[in-house]
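Working notes, beginning with the structure itself.
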Amino acid sequence: MSLTRISKSLVTRMILFGVLLVVSGALARYFLLGKFLREDLIEVVSAQQIALAKAVAGDVDHQLTTRWTTLSRLGETFPLEMMQQPDRLTDWLAERHRINPVFLPGLVVADKAGIIIADFPAVPGRRGASVADIPDFAKALAGRAGIGKPQFGAFAKKPVLPMGIPLKDKQGVVQAVLVGISALDSPGFLGPVYSGKIGKTGGYLLISPRDGLFVAAGDPDLVLKPTPPVGVNLLHDRAMQGFRGVGVTINAKGIEELSAMAEVPSTGWFVVARMPTAEAFEAVTRVQERVIKYGIFAVILVCVVVSVVFRFLLRPLFSAADLAERMTQGELPLKPLPVVRDDEVGHLTSAFNRLLEKLSTTQAALERMAHHDPLTGLLNRNLLADRMQQAFARAKRNGTRVAVLFLDLDGFKPINDELGHEFGDAALVEVARRLSGLVRQSDTLARVGGDEFVIVIADLGANGDEVVKKIATKCIEVLSTPVQLQNIAHPLGVSIGIAMSDGLSDPGQLLKAADLAMYVAKKNGRSCYAMAPESHTVQGNA
């Protein structure tokens with residue numbers, strides 16, 4: 001340490017001027033500062049924990065919803081006439097698996113007797129096996145489609161999650177069951193729960209209250225194990241009963257943890273983001289240790305205390321503590337604390353200011369990640385739903401109409417397959433840029449899937465149909481220009497489904513109607529648009 005630093009040191013000044021109250025002051029700082037820091041850190045870390053838990057829960061929910069949607073679409077197009085032709089049916093499953101390989105362990109078809117008649121990828125011993133005694137199969141056979149119980153796959157030899165959907169004939173009679181199997185530890189599925197870290201030793205848990213199981217966890221020993229009995233972990237007991245939030249608890253291993261719980265809406269599961277409090281409040285311990293060391297040093301050297309000088313020297317600290325406390329109470333907006341002197345108080349204030357800036361930046365980044373697509377910067381499905389609710393509310397209040405355009409790119413898959421995901425991403429960014437130039441500031445543009453985009457046009461009047469058709473035409477025109485990748489022009493197109501509402505319907509149904517209309521545009525030759533049929537277009541209370 002330099003002489004200049006020593007001359008500016010708060011400890012040096014206290015030695016020179018002396019303080020009779022050094023012992024009581026040191027004790028007060030030890031207990032009060034530790035208490036305030038712990039309370040502040042609990043608030044800050046809790047906000048981070050719940051944000052992380054919600055982000056992971058949102059990702060898990062998205063992955064589950066995507067898989068369920070894929071399986072439902074396969075069920076809608078399932079060729080029941082192939083039930084007596086297992087080889088052809090296997091080829092059909094293989095083709096769908098290659099198009100969208102979300103069910104890596106396999107797609108399986110079982111007949112009404114529970115005998116597996118076709119599967120892909122083929123697993124030795126699986127075809128011909130019986131699943132009749134599995135409760136989830138019985139539910140699907142009874143017509144109740146759903147996500148099954150997480151389990152250790154008898155053929156996959158790893159933790160898996162089955163989803164089953166009944167296959168009905170034209171009379172509505174169940175003829176078979178289509179099952180999609182997902183590997184729990186797949187990086188594209190529950191990988192963040194398995195590998196995600198919070199700090200040095202913290203991590204995530206994914207729990208199914210209905211099944212009383214740890215579905216996934218950073219600790220491999222917990223996967224598919226029963227949750228603790230009632231009374232072992234009180235916070236866990238509350239979470240199993242529906243509590244979602246943050247709390248401090250003692251886990252089954254006797255370690256105190258700060259845990260945050262967030263719901264996975266599609267299944268009723270919940271994500272736990274946990275961190276040992278010893279790690280979360282390590283800074284408090286270090287500060288308290290330093291207070292003790294400085295207090296002992298001061299007791300030995302200080303003989304005379306000059307009260308006036310003591311208060312004068314610590315005035316910046318008192319002022320900083322007061323400002324920080326008022327900020328935590330919401331009386332003042334969060335802003336950097338003033339650095340009065342270049343001493344320990346100044347260094348602590350500067351460090352606090354840097355921490356505050358870092359936390360603000362982190363919070364802003366987390367909020368953006370939760371509501372925007374990381375590749376294109378467009379709105380994601382979560383924020384799209386909120387914007388649609390707002391548009392519907394205005395339409396209902398003002399007597400206007402809302403239109404949803406569901407866009408699916410034509411010709412994108414060859415780019416992705418031939419050039420790779422890097423150039424596929426570049427093409428998506430270019431598409432987002434072109435579409436952004438078409439929409440009004442009052443409209444909403446979002447990316448909802450791999451190459452799927454949605455435009456919400458609000459506040460439409462009597463000529464709404466003409467306006468929407470013009471916008472759809474412009475979208476087709478602006479995307480008809482080939483995309484330049486590796487100095488080669490790659491053609492692109494877009495198929496658009498359009499659905500309209502007067503705000504008295506359900507936004508989700510309107511989005512689904514636009515999605516179905518998009519498939520009509522695909523069948524009509526692509527690079528065109530199709531309006532939702534009257535039976536699908538949601539208007540009024542229909």
Checklist line | Complete set of residues in the stretch 102-136 that are in contact (Cβ under 8 Å) with a residue 60 or more places away in the chain and part of a loop (DSSP other than H, G, I, E, B) | finding: Val102, Phe103, Leu104, Pro105, Lys112
Next item on the list: Identify the single condition in (1) closer than 29 Å to Gly203 by Cβ; (2) hydrophobic (A, V, I, L, M, F, W, C); (3) without any contact (Cβ under 8 Å) to a residue 24 or more places away in the chain that Leu161 does not satisfy, given that it satisfies every other one.
Entry: (3)
Item checked: Qualifying residues in the stretch 511-542 (those that are polar (S, T, N, Q) and within 25 Å of Glu477 (Cβ to Cβ)) - the one modelled with the lowest pLDDT -> Thr537
Note to self: Return the residues of the stretch 57-101 that are buried (at least 20 other Cβ atoms within 10 Å of the Cβ), in a helix (DSSP H, G or I), touching a residue at least 40 places away in the same chain (Cβ under 8 Å) and in contact with a Leu (Cβ under 8 Å, 6 or more places away or on another chain); say none if nothing qualifies.
What the structure shows: Val60, Gln63, Leu71, Leu74
Next item on the list: Identify all residues within the stretch 149-193 that are assigned to a loop (DSSP other than H, G, I, E, B), of a type outside the set (D, E, K, R) and over 22 Å from the mean Cα position of the chain (by Cα); write none if there are none.
Entry: Gly153, Ala154, Phe155, Ala156, Gln171, Gly172, Val173
Check: Any idea which of (1) among the charged types (D, E, K, R); (2) closer than 24 Å to Pro507 by Cβ; (3) in contact with a helix residue (DSSP H, G or I) (Cβ under 7 Å, 6 or more places away or on another chain) is the one Arg434 doesn't satisfy?
Finding: (2)
Note to self: Can you list the strands (runs of 3 or more DSSP E) lying wholly within the stretch 431-542 that have 2 or more residues being buried (at least 22 other Cβ atoms within 10 Å of the Cβ)?
What the structure shows: 444-447, 452-460, 493-501, 529-531
Check: For the stretch 255-307, how many residues are among the hydrophobic types (A, V, I, L, M, F, W, C), at pLDDT 70 or above and surrounded by 15 or more Cβ atoms within 10 Å (Cβ to Cβ)?
Finding: 13
Check: Given (1) in contact with an Asp or Glu (Cβ under 8 Å, 6 or more places away or on another chain); (2) surrounded by 19 or more Cβ atoms within 10 Å (Cβ to Cβ), where does Val248 come up short, assuming only one miss?
Finding: (2)
Item checked: Residues (among the charged types (D, E, K, R) and at pLDDT 90 or above) located in the stretch 467-510 -> Lys469, Lys470, Lys474, Glu477
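For Val179, indicate whether it is closer than 30 Å to Gln85 by Cα and not aromatic (Phe, Trp, Tyr). Full working, then the answer.
Working: closer than 30 Å to Gln85 by Cα: yes; not aromatic (Phe, Trp, Tyr): yes.
So Val179 passes the test.
The values are calculated or read from the model by the stated rules, or taken from the named source; none is laboratory data. These figures come from a predicted structure and were not determined experimentally. Quick reminder, even Gly has a Cβ in these numbers, built from the backbone with ideal geometry, and neighbours come from all protein chains shown.
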